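**Student:** Sending over a structure as structure tokens; questions will come in a sec.
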Amino acid sequence: MIVTDRFVFLHLHKSGGTFVNKFLQTFFPDARQIGYHLPRACLPASCAALPLLGSVRNPWDYYVSWYAFQSAMPNPNPVFRVASAGGRLGFADSVRNLLTLGEQPALLDAVRDGLPDTFPNRGINLTRSCLQPLAGSRIGFYSFLYRRIYGEANDVLMLDMHALRDGLPVLLEQTGVPATPAMRDYLKHTPALNSSEHGHYADYYDAALRALVAERDAGVIARHGYAFETAEN
């Protein structure tokens, strides 16, 4: 998370947060990073009254980005290694495992065994104890991360990842911080960060996997008005 004197930005995994972090550290001299992908529960008490900002992504899009990014890494994280059976499974089977991880005790234990006891403050930044709310649940992995970072999220000023460049100035103005011309120029011209190479997310799903995401990430989808869109849309 990034803390400033005026607001806090909470960084949800693979949802544009690296770009926002860099923007805030560039233009806000008082910005300080507290850990990495830490939930609001870790926010210092002195910052509890500050407005909370966050970003979110269409879950169908998230899983494609997750798979593309991790499969290209020489040493992917334990979540990917377990869900993909060490890289032997393709997109559909890996994401199906990720969506049902909370109901597969053996897989969940394998992920837990690969995680540290304390925050490493890099990568997905999960510890063994972080996975406890996922056990026995019927929610998708992205919904698990969303709830972990934002809680109920009712008081978080949220922005869709694909509208960051136009929407971030609006969000800042809601916290009383006007966007400067330099900020707008940065948002317009700076390349995306920490991105992965893949096609439109719709091309990766069959009907069954598409429906499983709709079921397991229904809360995020409904809250933010997401739908499954084809490349032609």
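**Student:** Report the charge-dipole magnitude of the chain in Debye, nearest 20, computed about the Cα centre from +1 at each Lys and Arg Cβ and -1 at each Asp and Glu Cβ.
**Tutor:** Details: 21 positive and 21 negative charges, 95 e Å.
It comes to approximately 460 debye.
**Student:** Checking a compactness column here: for the range 1-74, what do you get for Rg(Cα) / (2.2 N^0.38 Å), N being the number of residues?
**Tutor:** Details: Rg = 13.7 Å, N = 74, 2.2 N^0.38 = 11.3 Å.
That works out to 1.21 for the range 1-74.
**Student:** Right, here's the next one. Determine the percent antiparallel among the DSSP beta bridges restricted to the chain, to the nearest 5.
**Tutor:** Values: 4 of 12 bridges.
If we restrict to bridges inside the chain, about 35 percent are antiparallel.
**Student:** Can you put THR18, THR4 in order of Cβ neighbours within 10 angstrom, beginning with the fewest?
**Tutor:** Working: THR18 15, THR4 20.
By the 10 Å Cβ count, ascending, the order reads THR18, THR4.
**Student:** How big is the C-alpha Rg of the range 49-109 next to the rule-of-thumb value 2.2 N^0.38 Å, as a ratio? Intermediate results must be reported in sequence, preceding the final value.
**Tutor:** On the way: Rg = 13.8 Å, N = 61, 2.2 N^0.38 = 10.5 Å.
The value comes to 1.31.
**Student:** Further, regarding this structure: In whole Å, what three semi-axes, largest first, describe the equivalent ellipsoid of the chain built from its Cα gyration tensor (square root of 5 times each eigenvalue)? Show your work: numbers first, answer last.
**Tutor:** Values: eigenvalues 169, 86, 54 Å².
Listed largest to smallest, the semi-axes of the chain are 29, 21, 16 Å.
**Student:** Tell me which of ALA231, LEU10, LEU164 sits at the most positive position along the dipole axis of the chain, charges placed on C-beta atoms (Lys, Arg +1; Asp, Glu -1).
**Tutor:** With unit charges placed on the Cβ atoms, the residue in question is LEU10.
**Student:** Let me ask something else. I'd like the FRET efficiency for GLU152 and GLU229, computed as 1/(1 + (r/R0)^6) with the beta carbon distance as r and R0 of 22 Å, rounded to 0.05. Write out the running numbers ahead of the final one.
**Tutor:** Working: r = 27 Å, r/R0 = 1.23.
So, using R0 = 22 Å, E works out to roughly 0.25.
**Student:** When HIS198, HIS13 are ordered from fewest to most other Cβ atoms inside 10 Å of their Cβ, what list results?
**Tutor:** Values: HIS198 17, HIS13 21.
Exposure proxy ranking, most exposed first: HIS198, HIS13.
**Student:** With θ taken as phi - 60° and the coefficients 6.51, -1.76 and 1.60, list the Karplus ³J(HN,Hα) couplings across the range 168-181 in order, rounded to whole Hz; mark glycine and proline as x.
**Tutor:** Listing the rounded values in order: 4, x, 5, 5, 4, 5, 5, 9, x, 10, x, 7, 7, x Hz.
**Student:** Please get the size of the charge dipole for the range 44-117, origin at its Cα centre, with Cβ charges of +1 on Lys and Arg and -1 on Asp and Glu, quoted in debye to the nearest 20. Working shown, then result.
**Tutor:** Details: 5 positive and 6 negative charges, 34 e Å.
Charge dipole of the range 44-117: 160 debye, to the nearest 20.
**Student:** Would you mind checking which residues have amide H under 5 Å from ALA135's amide H? H placed 1.01 Å from N; only 5 or more apart, or other chain.
**Tutor:** Here nothing satisfies the definition.
**Student:** Pop the C-beta distance of GLU173 and ALA45 into the FRET formula with R0 = 35 Å and round what comes out to the nearest 0.05.
**Tutor:** Details: r = 27 Å, r/R0 = 0.77.
E between GLU173 and ALA45, to the nearest 0.05, is 0.85.
**Student:** Which distance in nm do the two modelled labels at THR190 and ASP109 give, with both placed 7 Å along the Cα-to-Cβ direction?
**Tutor:** 4.5
**Student:** Okay, next question. Given R₀ = 35 Å, FRET efficiency for ARG6-ARG128 by Cβ-Cβ distance, to 0.05? All intermediate terms of the calculation are to be shown ahead of the outcome.
**Tutor:** Values: r = 35 Å, r/R0 = 1.00.
With R0 = 35 Å, the Cβ-Cβ based efficiency is 0.50.
**Student:** Taking amide H atoms as placed 1.01 Å from N in the peptide plane, list the residues 5 or more away in sequence, or in a different chain, whose amide H sits under 5 Å from that of ASP217.
**Tutor:** For ASP217, the qualifying residues are GLY140.
**Student:** Still on this model: When the gyration tensor of the range 1-127 is built from Cα positions, what are the square roots of 5 times its three eigenvalues, in whole Å, from largest to smallest? If you can, show how the numbers build up before the last one.
**Tutor:** Working: eigenvalues 183, 50, 32 Å².
So the three semi-axes of the range 1-127 are 30, 16, 13 Å.
**Student:** Nearest 500 deg cm²/dmol is fine: what mean residue ellipticity at 222 nm does the chain get from its DSSP H runs of n ≥ 4 alone, each adding -39,500 (n - 2.57), divided by its residue count? It would help to have the intermediate numbers written out before the result.
**Tutor:** On the way: 10 runs with 96 residues, N = 233.
Only helices count here, giving -12000 deg cm²/dmol.
**Student:** What are the equivalent ellipsoid semi-axes of the range 113-233, built from the alpha-carbon gyration tensor (square roots of five times its eigenvalues), in whole angstrom, biggest first? It would help to have the intermediate numbers written out before the result.
**Tutor:** On the way: eigenvalues 157, 97, 54 Å².
In descending order the semi-axes read 28, 22, 16 Å.
**Student:** List, in order, the whole-Hz ³J(HN,Hα) value for each residue of the range 73-80 obtained from phi through the Karplus relation with A = 6.51, B = -1.76, C = 1.60 and θ = phi - 60°; use x for Gly and Pro.
**Tutor:** 7, x, 9, x, 6, x, 4, 5
**Student:** Order of ILE34, ILE124, ILE221 from fewest to most other C-beta atoms within 10 Å? Mind dumping the intermediate values first?
**Tutor:** Working: ILE34 14, ILE124 18, ILE221 21.
Exposure proxy ranking, most exposed first: ILE34, ILE124, ILE221.
Any read-out appearing in this document is the output of simple, stated calculations on the displayed coordinates, not a laboratory observation. This is a predicted model, so every value here is computed, not measured. Note that we place each Cβ from the backbone using ideal geometry, even for glycine, and neighbour counts take in every protein chain shown.
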